[in-house]
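Novice: Sharing a structure with you now.
Just so it is clear, none of the values below were taken in a lab; they were calculated from the coordinates. Keep in mind the model is a prediction, meaning the values are calculated, not measured. Glycine also receives a Cβ, built like all others from the backbone with ideal geometry; neighbour counts cover every protein chain displayed.
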Amino acid sequence: MSLFSSVEMAPRDPILGLNEQYAADTNPSKVNLGVGVYFDDNGKLPLLQCVQAAEKAMMDKPTPRGYLPIDGIVAYDNAVKALVFGADSEVVTSGRVATVQAVGGTGGLKIGADFLKRLNPQAKVLISDPSWENHRAIFQNAGFEVGNYRYYDAANRAIDFDGMIADLNAAAAGTVAVLHACCHNPTGYDITAAQWDKVVEVVKAKNLVAFLDMAYQGFGHGIAEDGAVIGKFIAAGLNIFVSTSFSKSFSLYGERVGALSVVASDKEEASRVLSQLKVVIRTNYSNPPTHGGAVVAAVLNNPELRALWEKELGEMRVRIKEMRQKLVDGLKAAGVKQDMSFITTQIGMFSYSGLSKDQMVRLRSEFGVYGTDTGRMCVAALNSKNIEHVCASIAKVVA
Ligand code: PMP
């Protein structure tokens with residue numbers, strides 16, 4: 001008998017499974033709206049100019065690859081702090097933020113989850129219903145019981161804000177509330193600034209722990225605008241967790257560049273927290289990789305490259321918005337009677353289309369248009385060449 005004879009086959013990742021199906025599809029007009037990746041108008045994954053410029057400078061002056069500190073490149077961590085909280089903010093200047101470089105945004109969530117489990121083993125975790133697939137798994141794997149707070153209101157194609165607040169209000173003190181800082185994945189619906197104020201109020205009143213997942217900063221309304229929500233929690237005097245991902249905003253998916261920032265009450269507390277985050281990292285993968293972090297630090301810390309990044313990120317953001325409008329217009333032109341204008345009120349890379357599982361299956365099998373069974377489509381993968389086919393296909397399945 002083999003050591004592994006009792007090993008069960010794990011369920012396939014639904015989105016990666018979709019990718020395999022897409023790759024095998026021979027339909028010449030096939031379109032992949034399944035994965036959360038930004039493609040340019042030619043359907044290509046962009047390699048940002050700011051990234052290329054930073055890499056060229058690095059190649060011109062090659063450096064050896066020693067181990068990084070456990071918490072990563074100092075200049076990178078400082079750049080993340082400045083980006084997320086503001087370089088001149090009180091939390092940064094007083095030294096009460098502990099930031100560590102992480103293996104993507106996923107890594108930031110995982111380090112935070114492991115640290116939280118040691119801090120408060122009895123706590124429960126609440127994620128939005130629905131949420132990014134991996135939220136539940138990451139926190140469950142860290143040993144937490146994970147529940148939901150209400151978020152998407154399918155009947156009204158809106159956010160069930162009263163439900164969200166009621167569920168947060170009902171949570172026990174110490175509960176970790178995982179919140180999408182901007183560009184909610186998968187629905188594309190964000191709460192308003194005034195609603196954020198209410199969330200902050202409840203988090204404070206009920207002694208919850210806010211864990212803000214910031215995977216799309218700059219894809220919503222702008223870098224500062226999307227980051228503003230963090231300032232609300234800080235202004236309320238809360239100790240918060242923020243995970244950052246540069247996968248999308250730098251188009252550096254495979255480099256795995258992210259971070260975790262923890263806002264403590266003072267500098268001394270932050271240094272104790274940092275020491276524990278380092279234990280988590282050390283016992284998982286020892287220290288982070290060099291290249292992606294070095295590129296992002298080089299861009300964020302150089303005024304010219306930083307300006308170029310902001311311009312390129314702005315172009316991605318604007319193109320997505322244009323595609324949303326074209327989708328709404330195109331669906332109307334293709335004969336869809338129902339009002340689809342909700343697509344332009346959604347924000348970020350995704351749209352919950354409101355299509356049923358059966359309709360999504362038909363879109364795939366009959367038209368080669370791939371979205372998830374939940375009706376989620378990645379609008380960042382639409383372009384001037386595929387939009388007509390997508391609109392015509394959706395029109396056929398909703399007719
Ligand atoms: N959080 C959310 C909400 C995401 O959508 C993603 C990426 N799909 C991540 C975290 C993880 O980002 P990364 O790829 O940098 O690990």
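Novice: Report the per residue volume, in Å³, of the convex hull enclosing the C-alpha atoms of the stretch 264-390. Walk me through the numbers on the way to the answer.
Specialist: Numbers: hull volume 26.5 nm³, N = 127.
Hull volume over Cα atoms, normalised by residue count, gives 209 Å³.
Novice: Distance check, please: which entries in Lys206/Lys278; Lys124/Lys267; Lys30/Lys396 exceed 24 angstrom between their Cα atoms? Mind dumping the intermediate values first?
Specialist: On the way: Lys206/Lys278 29 Å; Lys124/Lys267 28 Å; Lys30/Lys396 16 Å.
Pairs exceeding 24 Å: Lys206/Lys278; Lys124/Lys267.
Novice: Still on this structure, I have one more. Taking 0.36 nm per residue of sequence separation and subtracting the Cα-Cα distance, how much length would be gained by fully extending the chain between Asp40 and Asn156, in nm to one decimal?
Specialist: Numbers: separation 116, 0.36 × 116 = 41.76 nm, distance 3.18 nm.
So the extension gain works out to 38.6 nm.
Novice: Next question, about the same structure. Enumerate the amide H contacts of Ala102 below 5 Å, restricted to partners 5 or more residues apart or on another chain; note that Pro and chain-start residues carry no placed amide H.
Specialist: Gly258, Ala259, Leu260
Novice: Please turn the phi angles of the stretch 300-306 into ³J(HN,Hα) values with the Karplus equation 6.51 cos²θ - 1.76 cosθ + 1.60 (θ = phi - 60°), one per residue in order, whole Hz, x for glycine and proline.
Specialist: Once θ is set to phi - 60°, the couplings for the stretch 300-306 become 5, 8, 10, x, 5, 5, 4 Hz.
Novice: Provide Arg282, Arg324 in ascending order of the number of other Cβ atoms located within 10 Å of each residue's Cβ, fewest first. Let's see the in-between values first.
Specialist: Values: Arg282 12, Arg324 23.
Ranking Arg282, Arg324 by Cβ neighbours within 10 Å, fewest first, gives Arg282, Arg324.
Novice: Under a crude label model (7 Å from the Cα following the beta-carbon direction), how far is Asn120 from Val7 in nanometres?
Specialist: Using points 7 Å along Cα→Cβ, the separation is 3.7 nm.
Novice: Scaled to the compact-protein estimate 2.2 N^0.38 Å, what is the alpha-carbon radius of gyration of the stretch 75-175, rounded to two decimal places? Kindly include the intermediate steps, with their values, before the conclusion.
Specialist: Details: Rg = 16.3 Å, N = 101, 2.2 N^0.38 = 12.7 Å.
Dividing the Cα radius of gyration by 2.2 N^0.38 Å gives 1.28.
Novice: With an 8 Å cut-off on Cα pairs and a minimum separation of 6 or more residues, tell me the relative contact order of the chain in percent.
Specialist: Details: 710 pairs, mean separation 103.5, N = 399.
About 26 percent, as a whole number.
Novice: For the chain, find the longest principal axis of its Cα atoms and tell me its angle to the long axis of helix 49-60, 0 to 90°, nearest 10.
Specialist: Result, in degrees: 50.
Novice: Order by neighbour count: Met323, Met214, fewest other Cβ atoms within 10 Å first, most last. Please report the intermediate quantities before stating the final value.
Specialist: Details: Met323 23, Met214 27.
Starting with the residue having the fewest Cβ neighbours, the order is Met323, Met214.
Novice: For the stretch 162-309, take every pair of Cα atoms, bin their distances at 10 Å starting from 0, and report each bin as a whole percent.
Specialist: Spelled out per bin, shortest first, that is 10, 34, 36, 18, 2.
Novice: Could you put Trp196, Trp309 in order, starting from the residue whose Cβ has the fewest other Cβ atoms within 10 Å? Can you show the working numbers first?
Specialist: Values: Trp196 18, Trp309 25.
So the residues, fewest neighbours to most, are Trp196, Trp309.
Novice: Just subtract the alpha-carbon distance of Ala166 and Arg65 from 0.36 nm times their residue separation and send over the number in nm, one decimal. Could the numbers behind the result be given before it?
Specialist: Values: separation 101, 0.36 × 101 = 36.36 nm, distance 5.06 nm.
Between Ala166 and Arg65, full extension yields an extra 31.3 nm.
Novice: Over 29 Å between Cα atoms, which of Lys198/Lys326; Lys56/Lys326; Lys248/Lys385 qualify?
Specialist: On the way: Lys198/Lys326 34 Å; Lys56/Lys326 37 Å; Lys248/Lys385 22 Å.
Too far apart for the 29 Å limit: Lys198/Lys326; Lys56/Lys326.
Novice: Right, next: Can you give the Rg to Rh ratio of the chain, both from alpha-carbon atoms, with Rh computed by the Kirkwood formula?
Specialist: Values: Rg = 21.4 Å, Rh = 22.1 Å.
For the chain, the value is 0.97.
Novice: Check His221: other-chain or 5+ apart residues with amide H under 5 Å from its amide H, H built from backbone geometry?
Specialist: Placed amide hydrogens put Asp226 under 5 Å from His221.
Novice: Relative to the longest principal Cα axis of the chain, at what angle does helix 104-119 sit, 0 to 90 degrees, rounded to 10?
Specialist: 50
Novice: Could you tell me what percent of the DSSP beta bridges with both partners in the stretch 65-301 are antiparallel, to the nearest 5?
Specialist: Details: 14 of 31 bridges.
The antiparallel proportion sits near 45 percent.
Novice: Considering only C-alpha atoms, what is the centroid distance from the stretch 195-227 to the stretch 36-81, in Å?
Specialist: 26
Novice: Also, quick follow-up: Any idea what Rg and Dmax come out to for the stretch 122-177 if you just take the C-alpha atoms, in Å?
Specialist: Taking only Cα atoms of the stretch 122-177, I get Rg and Dmax of 11.7, 36 Å.
Novice: Kirkwood hydrodynamic radius, computed over distinct alpha-carbon pairs, for the stretch 65-301: how many Å, to one decimal? Spell out each step's value before the answer.
Specialist: Working: mean 1/r = 0.0565 Å⁻¹.
So the Kirkwood estimate lands at 17.7 Å.
Novice: For the stretch 85-142, what does the relative contact order come out to in percent, with C-alpha contacts under 8 Å and a separation of six or more? Don't skip to the answer; put the middle values down first.
Specialist: On the way: 21 pairs, mean separation 16.2, N = 58.
It rounds to 28 percent for the stretch 85-142.
Novice: Could I ask something else about it? Considering only DSSP beta bridges with both partners in the chain, what is the antiparallel share in %, to the nearest 5?
Specialist: Values: 17 of 36 bridges.
Of the beta bridges lying entirely in the chain, close to 45 percent run antiparallel.
Novice: Another question about this same structure. HN-Hα J couplings of the stretch 383-399 from phi, Karplus 6.51/-1.76/1.60, θ = phi - 60°, integer Hz, Gly and Pro as x?
Specialist: 8, 5, 8, 9, 5, 5, 4, 5, 4, 5, 5, 4, 4, 5, 7, 8, 5
Novice: Nearest 10 degrees, 0 to 90: what angle lies between the long axis of helix 267-282 and the longest principal axis of the chain (Cα atoms)?
Specialist: Relative to the chain, helix 267-282 is tipped by roughly 60 degrees.
Novice: I need the peptides 62-72, 389-399 ranked by packing, meaning the mean over residues of other C-beta atoms within 10 angstrom, with the highest value on top. Please report the intermediate quantities before stating the final value.
Specialist: Numbers: 62-72: 13.1, 389-399: 19.0.
Peptide ranking by packing, descending: 389-399, 62-72.
Novice: Let me ask something else. Using a 7 Å offset from the Cα along the Cα-to-Cβ direction at both Ser265 and Asp329, what is the distance between the two label points in nm, to one decimal?
Specialist: Simple spin-label model gives 5.6 nm for this pair.
Novice: Same structure again: Amide H of Asp160: which non-local residues (sequence gap of 5 or more, or other chain) have their own amide H closer than 5 Å, using H built in the peptide plane?
Specialist: Amide H neighbours of Asp160: Tyr151, Tyr152, Asp153.
Novice: If you take every DSSP beta bridge fully contained in the stretch 197-300, what fraction is antiparallel? Give it as a percent rounded to 5. Working shown, then result.
Specialist: Working: 5 of 9 bridges.
Approximately 55 percent, going by the DSSP bridge assignments.
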